[in-house]
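Read-outs throughout are calculated quantities, based only on the coordinates presented, and are distinct from any laboratory measurement. Since we're looking at a predicted model, the values are computed, not measured. Glycine also receives a Cβ, built like all others from the backbone with ideal geometry; neighbour counts cover every protein chain displayed.
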Amino acid sequence: MTRQQTNRLAKIAISLVAALVVLPTVFVILYVVYNGIGVISWEFLFTAPRSGMREGGIWPALLGTVFLTFGTAIAAFPLAIATAIYLAEYAGDNRLTRWVRLAIVNLAGIPSIVYGLFGLGAFVLFLNLGTSIVAGSLTLGLMTLPVVISTAEEALLAVPQEFRTVSLSLGATRWQTIRHQVLPHALPGIITGIILGLGRAAGETAPILFTVAAFYLPELPRSIFDQTMALPYHLYVISTQVPGMPLSLQYGTALVLLLVVLSLTLVATVLRTRMRRRRQW
Amino acid sequence: MSSDVLDKRELNTPETGGPKSKIEVNDFNFFYGTFQALYDLTLPIYERHITALIGPSGCGKSTFLRALNRMNDTVIGARAEGEVLLNGQDIYAPNVDVTDLRQRVGMVFQRPNPFPQSIYDNVAFGPRVLGRPKARDLAEIVESSLADAALWDEVKDRLDASALTLNPGQQQRLCIARTLAVRPEVILMDEPCSALDPVATLHVEDLMRRLSAQYTIVIVTHNMQQAARASDYTGFFWLGKLVEYRRTPELFATPKEALTEAYISGRQG
């Protein structure tokens, strides 16, 4: 074989192997859609489970996941934004900066079940919030912080340095510069990061296990201090804890969870693409 | 070097009936970490005149310019020694409010760099953050600033259009208008024409000449014809030192220092 032939062969082989990555994703999605699409109906989506969850729908779990996703956004947003602004705009080479960066790296590495236990200890018991939407949202919010902070920091750093220089040269303060000439340009990127973080949070089971999720609670929560069902935990329960559970309901639940998570990711992707196209510098 | 550089007679100081100085720089040294960028600078900047700073890349002229409104403060490890007196007040004194200083000493940059916002908002940004005006006053400031920057007639019908729709020459005049809008006393220009074509360059030079009736202007330029055409005083920098500083016609016609002569005749640099 000549060098050129080897070259071509290498390219083909590498491309084929890379294409393999797509297969599991497509396969998983198709498999879940194929097995679950049959039970999807108005009734399945918008009624409560009946007969020990072997019949009926997933409405309380679906709504619970929506509440938790919003709660997570509210819990994570201020902390993440403030931290990202600190890191991108103010951080000098000092001890605080090193601690913050170290903390973020470590947060990212903590297994999700440990977040669950931490949430139980810190929010449910110590802060006495009980097993509640608040406690679950705080736990999930904490877990999404690293993702949101790093995407937000990237978005801030992508704003040209020149905008800051010009703004300062006109007599604006540091904060006015950030507020008027940096944040507006970074906002779409920051929001993308938050949505990606939420996509992960919406699908997590372990952090909500001890902090908010109810095993079987057909009534809807009446306040943020109530428990709620949630899709990932509901899926876990009906797949492992309920004997004689119809498979189709399990796949239907999995399909809805998948759609929730994928649609969040899709929104983030669309937003990012639009932002890149609109960017004028 | 210093006594030759600052020949009072040739500089036409107030004692000899010349202009009065707006900025007095005394024994000024500047460092980036351990690197010394400027050495023992002592010079006056004259009020309502144009002072050009020339010299090869890396000679410190831009650093000096940015020292005059403390834009170097944002560089980590930057440190200044000595005095820079603006109207007799040391701008490096501990009680100085840098935002106030930068309002008084405005800056125009090398590349036209309007914000990606409307023409109006670009000019209005400074007055807005300085917490001044009501809407009607603001509109007046925007109009007068654009007029002073010789841009009003070209943009008055599309103030809401994005500043990025202007051509580079217009963008640079917009940046000048944006600087004028905060009513500075001194305008620093860092190679303001290096990204412009010759026609736009002449436009900006005309504008500088007119603005010098009201403002003290300091311009850094790589273009010696520009310094010769458009300035009243010229300082030649070399490796962080001020080699020669005189009235522009004299510096170009009869340079005293061999280095200056070599540089302006293109044999050095």
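Details
- Hydrodynamic radius of the protein assembly as shown per Kirkwood, over alpha carbon pairs, in Å: 28.2
- Remark: the A:L20-A:R50 segment gains 6.6 nm on full extension, using 0.36 nm per residue and subtracting the alpha carbon distance.
- Chain A - percent relative contact order, Cα under 8 Å, separation 6 or more: 27
- Relative contact order computed over segment A:130-214 (Cα-Cα under 8 Å; 6+ residues apart), in percent: 56
- Here the peptides B:215-224, B:69-78 are ranked by packing, the mean other Cβ count within 10 Å, and the order with the highest first is B:215-224, B:69-78.
- Distance between segment A:209-281 and segment A:85-115 - C-alpha centres, whole angstrom: 28
- Residue order, fewest to most beta carbons within 10 Å, for A:S150, A:S239, B:S145, A:S15: A:S15, A:S239, A:S150, B:S145
- Chain A: angle of helix A:183-203 to the longest principal axis, Cα-based, in degrees nearest 10: 30
- Comparing B:A135, B:V199, B:F237 along the charge dipole axis of chain B, the residue lying farthest to the positive side is B:A135, per the Cβ-charge model.
- Considering only B:N72, B:L146, B:T42, the residue lying farthest towards the positive end of the dipole of chain B is B:L146, judged by Cα position with unit charges set on Cβ.
- Length added when fully stretched, A:L9-A:F215, from 0.36 nm per residue minus Cα-Cα: 68.7 nm
- Against the main long axis of the alpha-carbon atoms of chain B, helix B:198-211 sits at an angle near 80°.
- When peptides A:72-80, B:252-260 are ranked by their average number of other Cβ atoms within 10 Å per residue, the highest-first order is A:72-80, B:252-260.
- Average beta carbon contacts from partner chains per residue of A:171-179, 10 Å cutoff: 5
- When +1 charges are put on Lys and Arg Cβ atoms and -1 charges on Asp and Glu Cβ atoms, the dipole computed for the protein assembly as shown relative to its Cα centre reaches about 1320 debye.
- Angle of helix B:119-129 to the longest C-alpha principal axis of chain B, folded into 0 to 90 degrees and rounded to 10: 70°.
- Exposure proxy ranking for A:E204, B:E191, based on other Cβ atoms within 10 angstrom of each Cβ and starting from the fewest, stands as B:E191, A:E204.
- Computed over segment A:1-144, the alpha-carbon pair-distance distribution with 5 angstrom bins reads 2, 8, 9, 11, 11, 12, 13, 10, 9, 7, 5, 3, 2, 1, 0, each value a whole percent.
- Length-normalised contact order for chain B - Cα pairs under 8 Å, 6+ apart - percent: 27
- Computed E for A:Y31/A:T97 - FRET, C-beta separation, R0 41 angstrom, nearest 0.05: 0.35
- Filter on B:K134/B:K156; B:K20/B:K134; B:K22/B:K156; B:K61/B:K256; B:K20/B:K256 - keep pairs with C-alpha separation over 26 Å: B:K20/B:K134; B:K22/B:K156
- Gyration tensor (alpha-carbon) shape descriptor, chain A, a/c threshold 1.5: oblate
- For the residues of B:107-117, the average number of beta carbons from a partner chain within 10 Å of their own beta carbon is 4.
- Separation of the B:K20 and B:F35 label points, Cα + 7 Å toward Cβ, nm: 4.0
- Cβ-placed point charges (K, R +1; D, E -1), dipole of chain A about Cα centre in debye, nearest 20: 1060
- Cβ-based exposure ranking for A:T83, A:T240, in which fewest neighbours within 10 Å come first: A:T240, A:T83
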